[in-house]
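Student: Input: one structure, supplied below.
The values are calculated or read from the model by the stated rules, or taken from the named source; none is laboratory data. Source: prediction; values computed, not measured. Note: ideal-geometry Cβ built from the backbone for every residue, glycine included; neighbour counts use all protein chains shown. These area figures cover heavy atoms from the full protein model, side chains too; ligands, DNA and RNA do not enter into them. Shrake-Rupley method; radii C 1.70, N 1.55, O 1.52, S 1.80 Å.
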Amino acid sequence: MVDLRRRRLTQAATVGVAAHVFFELAAGSAMPFASLLGPLPAAALWASTTAVGIHQAGRLPPSRDRVFAITNGLFLSAVVGHFTAWPWQPNRLRAPWLRRCEGLEGPVIVPYNVILYASGLTALGGLLLENRRGRLVGLLLPVAGVPTVVAAQRWEFGRLLAQARRRPRWWNRRLARMG
């Protein structure tokens, strides 16, 4: 049985989103907010919010489920947004599989897809099994959230590409090669 008090799936979704953005950074396609803050402050922001999210999901009472339902809805929006905005093809299970995304392609796209699926499925699991009081809000959030996430991804990706052309560094090396 799922321990509703500890919100293990919500914690796993939080780790999954962090893995997603840190994988992008390690692979050389930067990470969200890097174009605005720089890579190290953006990484510090993601690391600290991940730690807080994991801690709070494990300790706050069920009356705070709506907060975590919104969080899981945002995580799910990010994953669906990637599969909406970037080219994909069906895999062996007929599920969407990204061919390229945000400068990632070739061998690095395989673990990226796995990370996206893991974070999306754990966010959905958190919504269905843990976030009972806010479940409906969290499930409806991607309807409005996906177009917003896609627009934000495209805006940030454009900024990152321009920045990589002007100032290529280790953290944007894949993007510098695209320009």
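Student: Which residues, taken from the stretch 59-99, are of a type in the set (Phe, Trp, Tyr), touching a helix residue (DSSP H, G or I) at 6+ places or on another chain (Cβ under 6 Å) and part of a helix (DSSP H, G or I)?
Tutor: Answer for the stretch 59-99, where residues must be of a type in the set (Phe, Trp, Tyr), touching a helix residue (DSSP H, G or I) at 6+ places or on another chain (Cβ under 6 Å) and part of a helix (DSSP H, G or I): Phe68, Phe75.
The rows are residues; the columns are (1) open to solvent by 60 Å² or more (accessible area, probe 1.4 Å); (2) of a type in the set (Asp, Glu); (3) within 18 Å of the chain's Cα centre (by Cα); (4) within 14 Å of Leu128 (Cα to Cα).
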position: Arg8; (1), (2), (3), (4): yes, no, yes, yes
position: Phe22; (1), (2), (3), (4): yes, no, yes, no
position: Leu45; (1), (2), (3), (4): yes, no, yes, no
position: Gly53; (1), (2), (3), (4): no, no, yes, no
position: Ser77; (1), (2), (3), (4): no, no, yes, no
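A quick yes/no check of all residues on (1) open to solvent by 70 Å² or more (accessible area, probe 1.4 Å); (2) of a type in the set (S, T, N, Q):
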position: Arg100; (1), (2): yes, no
position: Val110; (1), (2): yes, no
position: Ala123; (1), (2): no, no
position: Glu130; (1), (2): no, no
position: Val137; (1), (2): no, no
position: Leu141; (1), (2): no, no
position: Ala151; (1), (2): no, no
position: Gln163; (1), (2): no, yes
position: Arg174; (1), (2): no, no
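Student: For the structure I just gave you, tell me whether Val114 is among the aliphatic types (A, V, I, L, M), assigned to a helix (DSSP H, G or I), open to solvent by 40 Å² or more (accessible area, probe 1.4 Å) and over 21 Å from Gly73 (Cβ atoms).
Tutor: yes
Student: So, of the residues in the stretch 1-58 that are assigned to a loop (DSSP other than H, G, I, E, B) and more than 30 Å from Glu105 (Cβ to Cβ), which turns out to be modelled with the highest pLDDT?
Tutor: Out of the qualifying residues, it is Arg7.
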